[in-house]
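Please see the structure below; I have some questions.
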Amino acid sequence: MLVTPEDACDQTISLETQADMAIDTVGVALQENYGSFVRYMKFLALEDQELINLYYQVEKPQWCLAMFHRSTQTLCSQRLKLAVKRLALMAMFQGHPELEVLDATLEEHGLNQMIPGGPTTGALVVEYRKHHSFTAVTDLLRCSRPQARRALIASAAALLKDEHEEHTAFGAYIHGMIDQASVMGSGYSENKRLKCAHGFVTHPTIVGQARIRIEDLQDYDHILVSRASL
C-alpha cells in the first residue's frame, strides 16, 4: 500500500518476500518443535508433507513449490495453509479424529444429517478415509454416490467458512480427503494422476563442461540459476 503507482511497475508484491512486515509464527513453531509434529506428518497426504517440509524446513519460496507441483503460487499458498490446518488437527487428536469427534463437530453445525434417512456425514468421512473410494463407501453404507459426494463437499465448504480455527481444521481435513478425488474409481482423478507423474528435465551439453566460453552462453538460463531454486 505504501508503493506509489510509478514505483510499482505493474508488479505484485508478496508478503512472503517482506520479512520486516510479518512474523511467520507457524514457521517458527514448526522449526522449533519439529520433533513434536513429525510423528503426525505420516497421517498427511504425501503432497501435504512435501509442501510443509519444503516451505518451512528447507525454506523454498512458494513460486518454487508451485513449479514443483505443477500449479500456481496462489493455489500452492492455499494448499499450504490447508495442509498446516490438517497437521494441527492430527496433533490435537494424536492421529485421525474418531467418529465421535467428527459427529460432535458436524452436529454442532447442522451438517451431520445431510442425507435424509441415510448415514451420517461423520460415517461417510470415516469410511472414505478407509477406502478412498466413493463407490466402496456408498456400497457399504447403502446410499447413492452423488448424495455422499455432495454431503462431503458441502460439509467441508461450510466448516472452512467457520470463524473458529479448530472447526476450519475439520473442514480442511474433509476437503483434503476428497479434493480432486476420482468420482467413479478410487484415489485421485485422472487429471490429478497426470500431475503426480514423474517429470524429466534435459539440460544442454554445455552444462556438463568444466569450462564454458562466454561466447557459448546462449543457454545461460540453464547455467546462471538462482541458488534459491536449486
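What number of residues in segment 111-126 are buried (at least 20 other Cβ atoms within 10 Å of the Cβ) and farther than 20 Å from Leu160 by Cα?
Residues flagged as buried (at least 20 other Cβ atoms within 10 Å of the Cβ) and farther than 20 Å from Leu160 by Cα within segment 111-126 amount to 1.
Quick one: which helices (runs of 4 or more DSSP H) lie wholly within segment 56-173 and hold at least 1 residues that are in contact (Cβ under 8 Å) with a residue 24 or more places away in the chain and under 17 Å from the mean Cα position of the chain (by Cα)?
Result: 62-68, 73-93, 121-131, 145-160.
I'd like the full set of residues that are surrounded by fewer than 18 Cβ atoms within 10 Å (Cβ to Cβ) and in contact with a helix residue (DSSP H, G or I) (Cβ under 7 Å, 6 or more places away or on another chain), limited to segment 65-74. Show your work before the answer.
Looking only at segment 65-74, we keep the residues that are surrounded by fewer than 18 Cβ atoms within 10 Å (Cβ to Cβ), and these are 66-74.
Within segment 65-74, Ala66, His69, Arg70, Thr72, Gln73 qualify.
How many of the residues making up segment 98-110 are under 16 Å from Ile178 (Cβ atoms) and surrounded by fewer than 22 Cβ atoms within 10 Å (Cβ to Cβ)?
Within segment 98-110, the subset under 16 Å from Ile178 (Cβ atoms) is 102, 106.
Checking the rest, the ones that are also surrounded by fewer than 22 Cβ atoms within 10 Å (Cβ to Cβ) come to none.
Qualifying residue count for the region: 0.
Among (1) of a type in the set (Val, Ile, Thr); (2) under 25 Å from Arg79 (Cβ atoms); (3) part of a helix (DSSP H, G or I), where does Val183 come up short?
Here Val183 clears every test but (3).
Residue check: is Lys85 surrounded by fewer than 19 Cβ atoms within 10 Å (Cβ to Cβ), of a type in the set (Lys, Arg) and under 23 Å from His167 (Cα atoms)?
Taking the combined requirement at face value, the residue does not satisfy it.
Across segment 161-205, which residue is nearest to Leu51 (Cα to Cα) among those that are modelled with pLDDT of 90 or more and of a type in the set (Phe, Trp, Tyr)?
Filtering segment 161-205 for residues that are modelled with pLDDT of 90 or more and of a type in the set (Phe, Trp, Tyr), the one nearest to Leu51 (Cα to Cα) comes out as Tyr173.
The values are calculated or read from the model by the stated rules, or taken from the named source; none is laboratory data. Here the structure is a predicted model, which is why all the values come from computation and not from measurement. Every residue, glycine among them, receives a Cβ derived from its backbone with ideal geometry; neighbour counts consider all protein chains shown.
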